[in-house]
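The values are calculated or read from the model by the stated rules, or taken from the named source; none is laboratory data. Just so it is clear, the model here is predicted, and its values are computed rather than measured. Glycine gets a Cβ as well: all are built from the backbone with ideal geometry, and neighbour counts include every protein chain shown.
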Amino acid sequence: MMMSCRLAKSFSFIRLFFLRSSNNKNNGSRLRFPQFPADAFSAFRSSRYRSVMSASSSSSSSSNPMSREDATLLPSVEDKYGGVRTEMTHPMDPSLFSSLLRASLSNWTLQGKKGVWIKLPKHLIGLAETAVKEGFWFHHAEKDYLMLVYWIPKDVHTLPANASHRVRIGAYVINHYKEVLVVQEKTGRFQGQSFWKFPTGVVNEGEDIHDGSVREVKEGTGVDTEFVQILAFRQTHKAFLEKSDLFFVCMLKPLSLEINAQESEIEAAQTFALLKPTEATKASLLFVSRRLINKETCTTTPATYIRVIDLQQSSPHRF
């Protein structure tokens, strides 16, 4: 009896049954227990093991985007133009990448997708060869990634081209004495020719034209300026790296007097006074525009060009 109570206390799930036989005297009164397997906790352990393994598998699946049902396709997002974009982030064997890419292309074809964009960071650039073998071509490259594209339909693709233009500025900086700021460059087409020109430069990515003109003057000559207006612009093709070129002539007002030429690029910088043009003396400044921009209405009207002007040397150090 004491043993039975200890068992019941130790194992709460064991129910104790006292079975008395009132009809068969030979059997008498006796204590009976239900039958258990040799290991009473085997079922519990099995259930716990399955739960742990399930949780582990779920955790592994959530941390690995290429697991389970996604293991046969590349991760992707739809764009607004009926195409898809995928960005590779984890190292992958080229043969596995090829299989996933083929399966993904088949899936996207069935879905009626059009353009496919694959972005490869520079540490995965080795996958580019595999993509090219599947029909992809290079779209553009930046300092930390390569972009490849593919067109699924059989017709001519309508994917946008890479950036086609470079934007440059020429700074027409003039003070109230009618003196203009000019420079001689150490490099470029006018190197070593004693050619005086307006400060020029390239507008940076994400930079407005008026901000770019102010920055270029500051970098090249050390002069602080204020943007006034765009005087003229022109477009040329097949310029730098076979790209088109947009050049804007910007009028600026000087805010500081001291001129400090940039040593790495500028040979000399100073101001010149504008004089009436004569045949005897001609300057090396020529900016021709077929149209001028109306700042107020943002329209273009035919106008005369900024003429070749004669210059008389002014102060080489200040406005």
Please verify whether region 208-221 includes one or more residues that are loosely packed, with under 15 Cβ neighbours inside 10 Å and not in a helix (DSSP H, G or I).
yes
Report, by residue number, each residue of region 127-174 that is over 18 Å from the mean Cα position of the chain (by Cα), under 26 Å from S106 (Cβ atoms) and part of a strand (DSSP E or B).
W137, Y150, W151
Considering only region 278-299, I want to know if a residue exists there that is of a type in the set (D, E), modelled with pLDDT of 50 or more, farther than 17 Å from I169 by Cα and surrounded by fewer than 16 Cβ atoms within 10 Å (Cβ to Cβ).
no
Pairs needed: first member in region 122-144, assigned by TED's automatic domain parsing to the domain that holds M88; second member anywhere, in a helix (DSSP H, G or I) and of a type outside the set (A, V, I, L, M); C-beta distance under 6 Å; at least 6 residues apart or different chains.
L127/F97; T130/P94; T130/F97; T130/S98; D144/K122
I'd like to check something: does region 224-238 contain any residue that is free of Cβ contacts under 8 Å to residues at least 60 places away in the same chain, over 16 Å from A269 (Cα atoms) and out of contact with any Leu (no Cβ under 9 Å at 6 or more places or on another chain)?
yes
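Quick grid of which residues meet (1) touching a Lys or Arg at 6+ places or on another chain (Cβ under 9 Å); (2) part of a helix (DSSP H, G or I):
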{"site": "Q235", "(1), (2)": "no, no"}
{"site": "K238", "(1), (2)": "no, no"}
{"site": "L241", "(1), (2)": "yes, yes"}
{"site": "F247", "(1), (2)": "yes, no"}
{"site": "K253", "(1), (2)": "no, no"}
{"site": "N260", "(1), (2)": "no, no"}
{"site": "E263", "(1), (2)": "yes, no"}
{"site": "F272", "(1), (2)": "no, no"}
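Would you be able to tell me the number of residues in region 106-126 that are part of a helix (DSSP H, G or I) and either under 19 Å from the mean Cα position of the chain (by Cα) or surrounded by fewer than 19 Cβ atoms within 10 Å (Cβ to Cβ) (or both)?
Taking region 106-126 and keeping what is part of a helix (DSSP H, G or I), we get 106-110, 122-126.
So of that shortlist, the ones also either under 19 Å from the mean Cα position of the chain (by Cα) or surrounded by fewer than 19 Cβ atoms within 10 Å (Cβ to Cβ) (or both) come out as 106-107, 109-110, 122-126.
The number of residues fulfilling the criteria is 9.
So that you can scan it fast, the table gives a plain yes or no per residue for (1) under 23 Å from R215 (Cβ atoms); (2) aliphatic (A, V, I, L, M); (3) crowded, with 16+ Cβ neighbours inside 10 Å:
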position: D144; (1), (2), (3): no, no, no
position: A161; (1), (2), (3): no, yes, no
position: R168; (1), (2), (3): yes, no, yes
position: K178; (1), (2), (3): no, no, no
position: V182; (1), (2), (3): yes, yes, yes
position: S194; (1), (2), (3): no, no, no
